[in-house]
Amino acid sequence: MIERGKYVVIEGNDGTGKSIQATRLRSYLSEMGINVAPFKVEEPDGAKANDESDLAPAATELRKIIKDGSMQRPAWANVVMFMGSRIINWEQVMQPALEKGLWVVTTRNWLSTVAYQGYGEGMDIPKIERRVLEDMGEQYMKPDLQLILTLGDHTIRQARVNNRGPLETLDTFESKPVDFQDRVNHGYIDYGTKHAIPIVDASGTEDEVELLVRQHVLELV
């Protein structure tokens, strides 16, 4: 019987370096001889293979709506759309890979909804938790490891976001004011602390943050 792979999630506000650390972690694990799934998942985007082919086109299309800040909608609609994207990625791509014994390293999961829609937009957090459990199940809801990258300095965080270059459309969440970003950042720290989720200071260099991430991941190996 094939041993199930490990599911690792790197979480955090925009500009904390999640994607970079996830990419580095996949490379590091592969160098250690661990079989890592040959794709990346950066919710709410669809899973992308290493050659950038789209493994979950429906999730990718949902992302376009979710991230388009010109489309006004109630906050709970964001919760529902995020859940739709997650179901597609989980059932079509991530879950099958884990069952084959591959490690899956992703950026973001349902904690983003807690932080952004719960703390940021004022949605009921227990209601979000119930919805995730009902729609996704415990294997998704409770990864083998999840880390939260935090960056308290808004100026640094915004500079990192700006370095990505101009966007084609106004981003729904990155474009929100400082007080919203502060609520999201507080949400990650508050929820992570209450639920014993490791919190990693992302203010250092990429190399420094990578070493901090590795310390937690090595406990799984």
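Nothing in this text is a laboratory measurement; each read-out follows from the coordinates by a stated rule. Since the model is a prediction, treat every value here as computed from it, not as a measurement. In this analysis, Cβ positions are derived from the backbone assuming ideal geometry, glycine residues included, and neighbour counts consider all displayed protein chains.
Place +1 on the Cβ of every Lys and Arg and -1 on the Cβ of every Asp and Glu in the range 7-217, take the dipole about the Cα centre, and give the residue among Ile34, Val104, Thr205 whose Cα lies farthest towards its positive end.
The one lying farthest along the dipole's positive direction is Val104.
Please sort by residue number the trypsin sites (Lys or Arg not before Pro) in the range 29-131 whose DSSP state is loop and whose Cβ has at most 14 other Cβ atoms within 10 Å. If you can, show how the numbers build up before the last one.
Details: sites: Lys40, Lys48, Arg63, Lys64, Lys67, Arg86, Lys100, Arg108, Lys127, Arg130, Arg131; in loops: Lys100, Arg108.
Passing sites in the range 29-131 are Lys100.
Residues in the range 198-217, backbone N under 19 Å from the label point at Glu3 (7 Å along the Cα-to-beta-carbon vector): list them, ranges by number please.
The answer is 216-217.
Over the chain, with a Gaussian network built from C-alpha contacts below 10 Å, which listed residue (Ser85, Ser112, Ser70) shows the highest mean-square fluctuation?
Comparing Ser85, Ser112, Ser70 in the GNM, the peak value goes to Ser70.
Considering Cα pairs under 8 angstrom that are at least six residues apart, work out the relative contact order of the chain and quote it in whole percent.
Computed value for the chain: 31 percent relative contact order.
Rounded to the nearest 0.05, what FRET efficiency is calculated for Thr23 and Glu61 with R0 set to 22 Å and r the Cβ-Cβ distance?
0.35
Name the residues of the range 1-34 whose amide N is less than 17 Å from a point 7 angstrom out from the Cα of Lys127 along the C-beta direction?
Those under the cut-off are none; the list is empty.
Mind telling me which of Pro57, Pro177, Pro198 comes out most flexible in a GNM of the chain, alpha-carbon contacts under 10 Å?
Looking only at Pro57, Pro177, Pro198, the biggest GNM fluctuation is shown by Pro177.
When the chain is fully extended, how far beyond the present Cα-Cα distance does Glu99 get from Asp179, taking 0.36 nm per residue of separation?
Taking Glu99 through Asp179 to full extension adds about 24.7 nm, to one decimal.
What percent of all Cα-Cα pairs in the chain falls into each 5 Å bin, going from 0 up to the bin containing the maximum distance?
1, 7, 15, 20, 22, 18, 12, 4, 1, 0, 0
A 26 angstrom limit on the alpha carbon distance is what I want to check against. Which of Lys67/Lys127; Lys48/Lys194; Lys6/Lys67; Lys6/Lys64 exceed it?
Numbers: Lys67/Lys127 23 Å; Lys48/Lys194 33 Å; Lys6/Lys67 29 Å; Lys6/Lys64 29 Å.
Cα-Cα > 26 Å for Lys48/Lys194; Lys6/Lys67; Lys6/Lys64; rest within.
How big is the dipole moment of the range 7-217 about its Cα centre under a simple scheme where the beta carbon of each Lys and Arg is +1, that of each Asp and Glu is -1, and everything else is neutral? Debye, nearest 20, please.
Using only the charged Cβ atoms, the result is roughly 200 debye.
Pull up all non-local amide H partners of Leu55: gap of 5 or more, or a different chain, and H-to-H distance under 5 Å with H placed in the peptide plane.
The list, which skips near neighbours in sequence, is Ala47, Lys48, Ala49.
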